[in-house]
Amino acid sequence: MLRNVKWIIVVSVLAITFVANATAGEVEVLHWWTSGGEAAAVQELQKMLQNEGHTWRDFAVAGGAGANAMTALKSRAVSGNPPTAAQVKGPQIQEWAALGVLTNLDDVAQAENWDKLVPGVVADIMKYEGHWVAVPVNVHRINWLWCNPAVFQKAGAQYPKTWDEFFAACEKIQKAGLIPVGFGGQAWQEATAWESIVAGVGGTDFYKKTLIQADEQALASDTMVKALDIFKRIKPYTDRNAPGRDWNLATTMVIKGEAAMQFMGDWAKGEFTAAGKLPGKDYDALTVPGTADAFLFNVDSFIMFEVKDPAAKAAQKAMARLILSPDFQVAFNVSKGSIPVRAGIAETPFDAVAIASMKDFEATAKSGGLMPSMAHEMAVSPAVRGAMFDVITNFYNSDMSAADAAQKLADAVREAKM
Ligand code: GAL
């Protein structure tokens, strides 16, 4: 009897192994997560896929916010050889889906109950003509100001709640011989700071009008001139080496106490975490002045390209399923600095910044303060975003007046819409 049971066990184990191997495939994954915190986060996905017997071929293309990665993706797709999965966001998901090259993920979505677990505002971005074609990974918040308390203390400066307080703190920090704002002069980083300032100066309705609806009158308005003025006033408080600097190097300046603050989404928290730093002790996350009631969101996601090989297909579907699994949502988002995108995840082991973010996400969803990020491809078409980026970077890096820049914004957006 015992012998028979043993045999049954051996045979079943073999059968399971065989099934597992028969469906074990490779996924080649394009992404731009190459900084310390980002790499730690994406490795969680790699580990989980490998635990299921699949192979991960890494296709990492460095460059914050993914512009380089998108260029690489297009050239691979044009040559008829796209990767199996790619990190793609916002309206670009719709553009790829319209080409008819994406895998329909409805079966995974149904089996895993995505329609119940993923907030509607996110699900809408992931679907094309009602079908799931992308998997959301996380929710990042953009309107953060990362602060080093030791630098503030050294300079006798206070954490700012208003723009007046912000510039008063900058003055003190600079007088103390330290860099007030750690900054990376790249178009996307400039736009990241600017959009938070637009929300802070103009409020949520103004943000919606200008950076979601791209309303030309609002773009050329006095309120926009004021927001642009504040944005430009930050420049003298950045250092000489800011132009071209990568975002994570600017975060390192705050981590090391060389700079006091950084405007950046909460992937910056991933860098603090990777460096072993703790919120409330080594660093603090403030909302950008005037934006306590706003949550500019940015959702990362993966699309999957249609593949024929059944093993590759199985690996793709496993990746889609794992991304929204509770274990992955916790492991990934703790490293990445973001919060889970699916419902039903406990607060532990997230840190205080993430827990505050989870609460604010829910509260702003009700109040109307939850708004898509323009800079991070959630809000407007790629053409309008490109037009805004051009004007903002030209304004920031020249002696253009704020009034001229506001008018140019409206003009460039009008043209981009045509
Ligand atoms: C964002 C992306 C984040 C982070 C950041 C810097 O666009 O959503 O996940 O990677 O770029 O690369």
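A few comments on the model shown:
For every residue, the table says whether it meets (1) more than 26 Å from Ala379 (Cα to Cα); (2) among the hydrophobic types (A, V, I, L, M, F, W, C); (3) in contact with a Lys or Arg (Cβ under 8 Å, 6 or more places away or on another chain); (4) modelled with pLDDT of 95 or more.
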site	(1), (2), (3), (4)
Trp163	no, yes, no, yes
Ile179	yes, yes, no, yes
Phe183	no, yes, yes, yes
Ile197	no, yes, no, yes
Thr204	no, no, no, yes
Gln213	no, no, no, yes
Thr251	no, no, no, yes
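- Within segment 256-308, the set of residues being in contact with a strand residue (DSSP E or B) (Cβ under 9 Å, 6 or more places away or on another chain), closer than 24 Å to Ala60 by Cβ, among the aliphatic types (A, V, I, L, M) and within 16 Å of the ligand (Cβ to nearest atom) comprises Met264, Ala268, Val299, Ile303.
- Which listed residue, of Ile345, Ile339, Ile255, Ile303, is within 25 Å of Ala98 (Cα to Cα) and either of a type in the set (Val, Ile, Thr) or crowded, with 23+ Cβ neighbours inside 10 Å (or both): Ile303
- Flag for Met224 being in contact (Cβ under 8 Å) with a residue 60 or more places away in the chain, more than 16 Å from the ligand (Cβ to nearest atom), crowded, with 23+ Cβ neighbours inside 10 Å and under 25 Å from Phe350 (Cβ atoms): no
- Taking each residue of segment 201-221 that is closer than 15 Å to Phe231 by Cβ and looking for partners that are of a type in the set (D, E, K, R) and modelled with pLDDT of 95 or more with beta-carbon atoms closer than 7 Å, six or more apart or interchain, yields Val201/Lys226; Leu211/Glu195.
- Sub-6 Å Cβ pairs linking a first residue in segment 369-383 that is more than 14 Å from Ser196 (Cβ to Cβ) to a second residue that is within 13 Å of the ligand (Cβ to nearest atom) and aliphatic (A, V, I, L, M), at least 6 apart or interchain, are Val380/Met374, ordered by first then second residue.
- Taking the listed residues Val151, Val133, Val108, Val118, the one that is under 16 Å from Gln87 (Cα atoms) and modelled with pLDDT of 95 or more is Val133, with no other qualifying.
- Flag for Val42 being among the β-branched types (Val, Ile, Thr), within 15 Å of the ligand (Cβ to nearest atom) and in contact with a strand residue (DSSP E or B) (Cβ under 9 Å, 6 or more places away or on another chain): yes
- Here the condition is being out of contact with any Phe, Trp or Tyr (no Cβ under 9 Å at 6 or more places or on another chain) and within 15 Å of the ligand (Cβ to nearest atom); of Glu377, Glu347, it holds for Glu377 alone.
- Elements of the type helices (runs of 4 or more DSSP H) sitting completely within segment 1-83 and holding at least 2 residues that are at pLDDT 95 or above: these cover 36-51, 67-78.
- Residue pairs meeting the criteria (Cβ under 6 Å; at least 6 apart or on separate chains; first closer than 30 Å to Ala199 by Cβ, in segment 296-315; second hydroxyl-bearing (Ser, Thr, Tyr)): Leu296/Ser373; Asn298/Ser373
- Of all residues making up segment 215-224, the number that are hydroxyl-bearing (Ser, Thr, Tyr) and either in a helix (DSSP H, G or I) or closer than 19 Å to Ala383 by Cα (or both): 1
- Selection from segment 61-108 of residues that are over 24 Å from Arg321 (Cα atoms), charged (D, E, K, R) and in contact with a Phe, Trp or Tyr (Cβ under 9 Å, 6 or more places away or on another chain): Arg76
Table: residues versus (1) of a type in the set (Ser, Thr, Tyr); (2) in a helix (DSSP H, G or I); (3) over 25 Å from Ala292 (Cα atoms).
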position: Lys359; (1), (2), (3): no, yes, no
position: Thr364; (1), (2), (3): yes, yes, no
position: Met374; (1), (2), (3): no, no, no
position: Val380; (1), (2), (3): no, no, no
position: Val384; (1), (2), (3): no, yes, yes
position: Val391; (1), (2), (3): no, yes, yes
position: Ala405; (1), (2), (3): no, yes, yes
position: Val413; (1), (2), (3): no, yes, yes
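The values are calculated or read from the model by the stated rules, or taken from the named source; none is laboratory data. This is a predicted model, so every value here is computed, not measured. As a convention, Cβ positions derive from the backbone with ideal geometry for all residues, glycine included, and neighbour counts pool all protein chains shown.
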